[in-house]
């Protein structure tokens, strides 16, 4: 064991200071969410702020009943379908793109920046551009194509960066060996490449699913007559805020956390298996 | 070695017999052509790999942006728009009624739309600065002070999780904190800092800033963390051995090497904040307008060309901002 020197004590103090900062940071980031969780169990006569007037499931039950902003369950289903489709497309496209970027090809620089542009263009611009374009050519926007379209533009760069990182650490000799032994490209991909990159594909899918499930700005003008869940949440904000909204927020957040947890578990299992 | 060389010089001479037993191997050019014909590039063909995503980006990213630009020149018909080539929308964006009239009180006053864009920009810069100040120590702690990799990953994920949850809900969650009976007021009263609840916490610039910082700060932690984690630890050790103080090490090594991460994080937050429109409604009670809300308002009243002009100017402002950041830091080396 090393002796305690002034230098060592100073370092420990610095580390302790940073740890306290980390704790405060977490309170800042999670504190409001916990206040919301607690207030969703507000008694029937309570309001949207503390103090708690009793403890009940009143607002949760109200959430399950018919709501003022529309059919929440249908919106939830739409959001989930959209998130799953976005997840699949993101995982597929980002894998294909990253595989193309393993080679040199003309226009690779332009394509790289084009993919990254999806990160840089604010949702409100995409919403406005596509909505007015569709309007002009006489097609009504709908969540399952115009909504889907802009969601993938937003999630693709994240998945792409993940897959680029995966292929940066990829040992291409494994594929060469398979090729030398006479395997065709499909066999090489199926038997060698895919098993090694599956954890990365899961991570890319996580970005696709969660970012789409929560996306609001890009769907604003593009979901058509039927809302996704974030749009319903936004609609309920224009009315008098009630603890029902907190119950909805809590339920949605818990669902997100469960999904993140599920993705991390799948990733860990696949990652261990691929080693 | 020498034999091979002799052989190859021999075969390359013009006089070498061809078409007989022991004929010269194909010339260099011939060999290259054969190779080009039969060489199988490993992996799937690039065009097939990039075609679907490229097509998708053209339809859902480039056409929308291009149409915004085109629609800025069209004219509004009250319930829609019609093709035209007019600069009226730009004019209305920049100048108000009495702009060129010295007797008018609005002489040389920029229009409300230009001022809104300026406010959006100014606000974005201040929130960015606060995010940087909060995020940097966080990323530094995670990358430099936490030594065990598993702990590092766990603590990092814990900070990043909110990024994967709904930002609208996180904005809503500020309501119970900030109101007259909100937690912050209650807390300040309980410690005796104030006697009566203060009302400026909610629906004010304070609440707006606070909520935006909380919503976007994690976006800066990620990139800064990755660039700090990439720094070669032996550099720091070498500097320490040569007697550098911790401050010197930070100024000379850590800060310059982490700049690309800072730039990426700042660009990310910058573009998100410039396009921000929902948070203002939730925690500012819609009392302020950003260019984002202006765009949506004009869309709602069906003046699409004017919405497009605001959107286009927002894009221009963003590009200027991004170029300025890239001027300061060259992140292309990182990508």
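If a residue counts only when it is modelled with pLDDT of 90 or more, which helices (runs of 4 or more DSSP H) contained entirely in region A:52-154 have at least 3 such residues?
A:72-100, A:108-120, A:123-137
Checked against (1) crowded, with 18+ Cβ neighbours inside 10 Å; (2) facing chain A (nearest Cβ under 9 Å); (3) in a loop (DSSP other than H, G, I, E, B), residue B:201 meets all criteria but (2).
Each residue in region B:290-317 was checked for being more than 22 Å from the chain's Cα centre (by Cα) and outside any helix (DSSP H, G or I), and 3 pass.
Of these, A:231, A:211, which one is modelled with pLDDT under 90 and surrounded by 20 or more Cβ atoms within 10 Å (Cβ to Cβ)? Working first, answer last.
Values: A:211 fails: modelled with pLDDT under 90.
The match here is A:231.
For region B:258-275, does any single residue satisfy the condition of being at the interface with chain A (Cβ under 9 Å from one of its Cβ atoms), touching a helix residue (DSSP H, G or I) at 6+ places or on another chain (Cβ under 6 Å) and not in a helix (DSSP H, G or I)? There is at least one residue in region B:258-275 that is at the interface with chain A (Cβ under 9 Å from one of its Cβ atoms), touching a helix residue (DSSP H, G or I) at 6+ places or on another chain (Cβ under 6 Å) and not in a helix (DSSP H, G or I).
Residues are listed down the side, and each one gets a yes or a no for (1) surrounded by fewer than 20 Cβ atoms within 10 Å (Cβ to Cβ); (2) closer than 19 Å to residue B:212 by Cα:
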{"position": "B:244", "(1), (2)": "yes, no"}
{"position": "B:258", "(1), (2)": "no, no"}
{"position": "B:261", "(1), (2)": "no, no"}
{"position": "B:277", "(1), (2)": "no, yes"}
{"position": "B:287", "(1), (2)": "yes, yes"}
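A search for C-beta distances below 9 Å between a residue of region B:252-278 that is outside the structural domain of residue B:218 (by TED's automatic domain parsing) and any residue that is surrounded by fewer than 24 Cβ atoms within 10 Å (Cβ to Cβ), counting only pairs 6+ apart in sequence or on different chains, returns nothing.
Looking at residue B:157, is it within 8 Å of another protein chain (Cβ to nearest Cβ), under 22 Å from the mean Cα position of the chain (by Cα), surrounded by 20 or more Cβ atoms within 10 Å (Cβ to Cβ) and not in a loop (DSSP other than H, G, I, E, B)?
The answer is no for residue B:157.
Can you tell me which of B:130, B:194 is more than 12 Å from chain A (Cβ to nearest Cβ) and surrounded by fewer than 24 Cβ atoms within 10 Å (Cβ to Cβ)? Can you show your working first?
Numbers: B:130 fails: more than 12 Å from chain A (Cβ to nearest Cβ).
Only one candidate qualifies: B:194.
Say whether the condition of being at the interface with chain B (Cβ under 9 Å from one of its Cβ atoms), more than 25 Å from residue B:305 (Cβ to Cβ) and either under 29 Å from the mean Cα position of the chain (by Cα) or crowded, with 17+ Cβ neighbours inside 10 Å (or both) is met by at least one residue in region A:123-141. Checked region A:123-141: no residue is at the interface with chain B (Cβ under 9 Å from one of its Cβ atoms), more than 25 Å from residue B:305 (Cβ to Cβ) and either under 29 Å from the mean Cα position of the chain (by Cα) or crowded, with 17+ Cβ neighbours inside 10 Å (or both). In region B:204-225, the residue that is nearest to the other protein chains (Cβ to nearest Cβ) out of those that are at pLDDT below 90 and more than 14 Å from residue B:272 (Cβ to Cβ) is B:210.
Just the residues that are in a loop (DSSP other than H, G, I, E, B) and under 15 Å from residue B:216 (Cα atoms), please, taken from region B:160-182.
Hits for region B:160-182 are B:165, B:166, B:173, B:174.
For region A:31-38, the condition holds for at least one residue, the condition being that it is farther than 28 Å from residue A:151 by Cβ and either more than 11 Å from chain B (Cβ to nearest Cβ) or surrounded by 19 or more Cβ atoms within 10 Å (Cβ to Cβ) (or both). Residue A:105 meets each of the listed conditions (1) within 7 Å of another protein chain (Cβ to nearest Cβ); (2) closer than 19 Å to residue B:52 by Cβ; (3) buried (at least 18 other Cβ atoms within 10 Å of the Cβ) apart from (3). Any residue at all in region A:244-253 that's loosely packed, with under 15 Cβ neighbours inside 10 Å and either touching a residue at least 40 places away in the same chain (Cβ under 8 Å) or assigned to a helix (DSSP H, G or I) (or both)? The answer is no; no qualifying residue exists.
Candidates in region A:227-243 are the residues that are free of Cβ contacts under 8 Å to residues at least 40 places away in the same chain and facing chain B (nearest Cβ under 9 Å); of these, the one that is farthest from the chain's Cα centre (by Cα) is A:238.
For region A:13-20, indicate whether the set of residues that are at the interface with chain B (Cβ under 8 Å from one of its Cβ atoms), modelled with pLDDT under 90 and over 30 Å from residue B:315 (Cβ atoms) is non-empty.
Step one: filter region A:13-20 for residues at the interface with chain B (Cβ under 8 Å from one of its Cβ atoms), giving A:14-15, A:18-19.
Those still in the list that are modelled with pLDDT under 90 too: A:14-15.
From what's left, over 30 Å from residue B:315 (Cβ atoms): A:14-15.
Yes, region A:13-20 contains a residue that is at the interface with chain B (Cβ under 8 Å from one of its Cβ atoms), modelled with pLDDT under 90 and over 30 Å from residue B:315 (Cβ atoms).
Restricting A:208, A:224, A:261 to residues that are on the phi > 0 side of the Ramachandran plot and either touching a helix residue (DSSP H, G or I) at 6+ places or on another chain (Cβ under 7 Å) or free of Cβ contacts under 8 Å to residues at least 60 places away in the same chain (or both) narrows the list to A:224.
Got at least one residue in region A:160-167 being under 30 Å from residue B:172 (Cβ atoms), away from chain B (no Cβ under 12 Å) and not in a loop (DSSP other than H, G, I, E, B)? Yes: one or more hits.
The values are calculated or read from the model by the stated rules, or taken from the named source; none is laboratory data. Just so we're clear, the structure is a prediction, and the values are computed from it rather than from any experiment. Glycine gets a Cβ as well: all are built from the backbone with ideal geometry, and neighbour counts include every protein chain shown.
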